[in-house]
Amino acid sequence: MTDDIAYKLAKLAMIILVINLFVLGYSIYSAHEARKDLVTSQRGGCERGKLDRTSNAEGWRIASEARRRDEQYNVAQKYADIALGQENRGMIDCENAFPKARLIP
C-alpha cells in the first residue's frame, strides 16, 4: 500500500467518523426535542384535567345542596364526598408529575 492510498483511506475514515458524529448528535437532539414536546402536551392535559375536575366538583356540590334542601341527607352526603374526591384529585402539581425532559433520559 502506498502512502497516497493510506492517506486517502485515513481521510475517508475521518470523513465517515465526522458524519457518524453528526448523525449521533442529531439523534440525541431530536430525541430530546420529542421528550420536551411530550412533557409539554402531558402538562397541558394535566391542567385541562384539573379544570375539568374543578368544574365537575362544583356540579356535585350544587347537586349536594339541592338534595339537602329536599332533605335527602344521605344522598347529599354522597354527592359531597364525590365532590371532595374530585377536588382532592385536582390538587395534583403537573410540573412535579411531569418533570422537564433531560438531555439524557
Scan R67, R61, R89 and give me the residue that is under 24 Å from Q42 (Cα atoms) and of a type outside the set (F, W, Y).
R89
Hits in segment 81-104 - residues which are among the aliphatic types (A, V, I, L, M) and surrounded by fewer than 16 Cβ atoms within 10 Å (Cβ to Cβ)
L84, M91, I92, A97, L103, I104
Among the numbered criteria (1) surrounded by 14 or more Cβ atoms within 10 Å (Cβ to Cβ); (2) more than 30 Å from L103 (Cβ to Cβ); (3) of a type in the set (V, I, T), which single criterion is violated by I62?
(1)
Any hit, segment 37-44, residues being farther than 30 Å from L24 by Cα and in a helix (DSSP H, G or I):
yes
Give the residues of segment 53-105 that are among the polar types (S, T, N, Q) and not in a helix (DSSP H, G or I), sorted by residue number.
Q72
Answer yes if at least one residue in segment 64-81 is in contact with a helix residue (DSSP H, G or I) (Cβ under 6 Å, 6 or more places away or on another chain), among the polar types (S, T, N, Q) and touching a residue at least 12 places away in the same chain (Cβ under 8 Å), and no otherwise.
yes
Checking G49 against (1) within 29 Å of the chain's Cα centre (by Cα); (2) surrounded by fewer than 12 Cβ atoms within 10 Å (Cβ to Cβ), which test does it fail?
(2)
From L38, L24, grab the single residue that is touching a residue at least 40 places away in the same chain (Cβ under 8 Å) and among the aliphatic types (A, V, I, L, M).
L38
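Readers should treat all values here as calculations from the given coordinates under stated rules, not as data from a laboratory. Bear in mind the structure is a predicted one, so any value in this text is a computation, not a measurement. All Cβ positions, glycine included, derive from the backbone under ideal geometry; neighbour counts span all protein chains shown.
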